Amino acid sequence: MSDEQPICDLVLLSWNHLDETRPCLETLFETTTVPSRLFIVDNGSEPAVREFLRGVKPRGAVREVVLLQNETNEGFPRGMNRGIRASTAPFVCLLNNDLRFTRGWLEEMIEVARANPDVGVVNPESNTFGNRPPAGMGLEAYAERLRVRRGAFTEVGMCIGFCFLITRALIERLGGLSEEVERIFFEDEDYCMSAQAAGFRCVVVQGAYVYHAEHRTVQRMEERLAEERRGFCV
């Protein structure tokens, strides 16, 4: 890695499904402008996926890529916590592997957090919140339209874990996600409640946009869990 220390550690959780991970990584490298380090936490994927992830190289502002390989599927909170424990940067951003990023997404989230020291958790605008491009408009063109709102944000009761920026000050206070929460549900809500109890705000920035292929990971995990309960998977 270059001598410039990362401003943000990105923690991307992987579990099979390269059809989602490949475009996610491609748009991540193309649009990230903040000096960053990428931790890919793989939750026991199939051999072909592991081989692909071992070949992911740093590019652009993403100065280093570190693969943290779990031998089994440890679930969302444990997987993300492995990346959080490895991180040292002033900001940590937890990422699903089914995202599509647009230019300036991370820069704007960090700028809002820096300008408001009591902000502890940040989401970008997203279709997850019902904010979708009009028919026929691409994601980047839509994100450009939203950039006029740079610096603006909405305080919310909780942020959602699909793209979840956390400040180092909050991590030092709370540590990582609760591992008592079952697999992939409610850990973001639990963390936000703890953040607010500690005096930090949770916000959605209005000038950054990340598209989320919503619930595909959850749906696939639910399908696999159902198969496991029926005895079809080991």
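The values are calculated or read from the model by the stated rules, or taken from the named source; none is laboratory data. The structure displayed is predicted, hence computed values, not measured ones. As a convention, Cβ positions derive from the backbone with ideal geometry for all residues, glycine included, and neighbour counts pool all protein chains shown. Heavy atoms of the whole protein, side chains included, go into the accessibility calculation; ligands, DNA and RNA do not. Shrake-Rupley method; radii C 1.70, N 1.55, O 1.52, S 1.80 Å.
Descriptive notes on the structure:
- Full extension of the chain between Thr88 and Glu64 yields a length gain of 7.3 nm, computed as 0.36 nm times the residue separation minus the alpha carbon distance.
- Modelled label reach - Arg168, point 7 Å along Cα→Cβ, region 36-66 residues with backbone N closer than 16 Å: 36-38
- Point-to-point label distance, Glu4-Arg22, nm (Cα→Cβ direction, 7 Å offset): 3.0 nm
- For the chain, calculated [θ]222 nm from helices alone, where every DSSP H run of n ≥ 4 adds -39500 (n - 2.57): -11000 deg cm²/dmol
- Two-site FRET efficiency, Asp190 against Ala141, from Cβ-Cβ distance with R₀ of 25 Å, rounded to 0.05: 0.10
- Spatial offset of region 127-154 relative to region 67-93 amounts to 29 Å, using the alpha carbon center of each.
- C-alpha long axis of helix 76-86 to longest principal axis of the chain, angle in °: 60 degrees
- Between Thr72 and Ala198, the distance separating the two model label sites (each 7 Å from Cα on the Cα→Cβ line) works out to 2.9 nm.
- The chain - share of DSSP beta bridges that are antiparallel (%, nearest 5): 40 percent
- Working from Cα pairs under 8 Å separated by at least six residues, relative contact order for region 19-144 is 30 percent.
- Axis angle, to the nearest 10 degrees, between helix 187-197 and the longest C-alpha principal axis of the chain: 40 degrees.
- Derived scalar couplings ³J(HN,Hα) [region 107-115; Karplus, 6.51 cos²θ - 1.76 cosθ + 1.60; whole Hz; x for Gly, Pro]: 4, 5, 4, 5, 4, 5, 5, 5, 6
- Charge sum, other residues only, whose C-beta stays under 15 Å from Arg54's C-beta, Lys/Arg counted +1 and Asp/Glu -1: -2
- The alpha-carbon positions of the chain define a convex hull whose volume is 124 Å³ per residue.
- Per-peptide average of other Cβ atoms within 10 Å, ordering 59-65, 74-80 highest first: 74-80, 59-65
- Long-range amide H partners of Phe153 with built H, under 5 Å: Gln206
- The heavy atoms of Met137 present about 60 square angstrom of accessible area, all protein chains included, probe 1.4 Å.
- Contact order normalised by residue count of the chain, Cα under 8 Å, 6+ apart, percent: 23 percent
- Translational diffusion of region 89-191, µm² s⁻¹ [Kirkwood Rh, Cα pairs; Stokes-Einstein; 20 °C; 1.002 mPa s]: 145 µm²/s
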